[in-house]
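The values are calculated or read from the model by the stated rules, or taken from the named source; none is laboratory data. Note that the structure is predicted; figures quoted are calculated from it, not measured. Please note: Cβ atoms are built from the backbone with ideal geometry, for glycine as well, and neighbour counts cover all protein chains shown.
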Amino acid sequence: MQVKMKLMVAILAIIVTVFGISMDLCHCKVVQFIFGDSLSDVGNNKYLTKSLANANLPWYGIDFGNGLPNGRFCNGRTVADIIGDQIGLPRPPAFLDPSLTEDVIMENGVNYASGGGGILNETGSYFIQRFCLYKQIELFQGTQELIQAKIGEEAAGKFFEEASYVVALGSNDFINNYLMPVTSDAWSYSDQGFITYLMETLQAQLTLLHSLGARQLMVFGLGPMGCIPLQRVLSSSGACQDKTNKLALSFNEATSKLVNQLSRNLPNATFQFGDAYDVVNDVITNPNKHGFNNSDSPCCSFGKIRPSLTCIPASKLCADRSKYVFWDEYHPSDSANELIANELIRKLGFLRNNDTNIVPSPAPDSAP
């Protein structure tokens, strides 16, 4: 009996050695899969050549790496970049990055976020090209097939179940859909009816992600989107749009309930809701307290012509980018993103993952 057992162990060892089969299935690190809009996009839209939501222009990226445009809708880093750096997760490359391979995916994860994208398929349609959340999930399914082909279904299943997932969309569904009088959703729904429509769609999407292996998932809520420069310019006084902020608060309340419900009801799910409203609102309302001196206008603007939806080569930059909360009409600056990210880490109690040393790309203290 002992001879047979030793023989079986020896044969198994040969099989493992020759065929490279891992007894532990997958010694993969924990990575992130990010689903989002322009606040999280790290370059997908720059490969969508017909998209009108594109940050592949000067002066985007001026405070990141070599200072050239990289697809981020910011002068520097996104909130997701900074949170990942702080808790030891690698920065996931854009899904459309030509250098993306199976090995890169297993080492860094993937970012599917797309400027102009929303929870709803119809959101941002006038941008021509963008990935809505359902499309991003479809791309994630394609990613899974690649990894399954490389390491096998069982090991791939373990890899995806151990990964971290981020879903951060919703603002475009309001600003570039429901609040636009020319869209069908604007005259088809009441405020509450539209939020119910969003929640029904989001519930199906999060449930689908769970069926695809998502177990550790964070859904981020909306900030005071009525206070972004693009909304303020609609008011003769330059004040925040109260209705838009109330929609954000209602969305957050409904999303929090949905996420908690799914976390209770889906097997082995740890779904969390990240509420950034108070953090962002405090920065906008009390900029001086946080080291800023402007929280109502963009650092990058086209003179008195507003709103200029994107920062363009002919735009003028503010004297000190670190003192502005907003980079353009829609998106926070690197300095604001850093403050928001650090507050979220503190508020939500993120723990450090992986044994990694990641060097972030900080923005300078002042403009060069």
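Remarks
- In segment 152-173, the residue that is farthest from L258 (Cα to Cα) out of those that are among the aliphatic types (A, V, I, L, M) and touching a Leu at 6+ places or on another chain (Cβ under 8 Å) is A155.
- Every test in (1) crowded, with 20+ Cβ neighbours inside 10 Å; (2) in contact with a strand residue (DSSP E or B) (Cβ under 6 Å, 6 or more places away or on another chain); (3) under 23 Å from Y165 (Cα atoms); (4) touching a residue at least 60 places away in the same chain (Cβ under 8 Å) is passed by Q272 save one, and that test is (1).
- Restricting segment 276-294 to residues that are free of Cβ contacts under 8 Å to residues at least 60 places away in the same chain and under 23 Å from the mean Cα position of the chain (by Cα), the residue that is surrounded by the most Cβ atoms within 10 Å (Cβ to Cβ) is V283.
- Residue count for segment 200-214, restricted to those that are farther than 15 Å from S263 by Cβ and either of a type outside the set (S, T, N, Q) or modelled with pLDDT under 95 (or both): 5
- Counted residues, segment 152-192 - those being loosely packed, with under 13 Cβ neighbours inside 10 Å and assigned to a strand (DSSP E or B): 0
- Condition check for L217: in contact with a His (Cβ under 9 Å, 6 or more places away or on another chain) and either farther than 19 Å from T255 by Cβ or at pLDDT 95 or above (or both): yes
- Segment 282-318: number of residues that are on the phi > 0 side of the Ramachandran plot and at pLDDT below 95: 1
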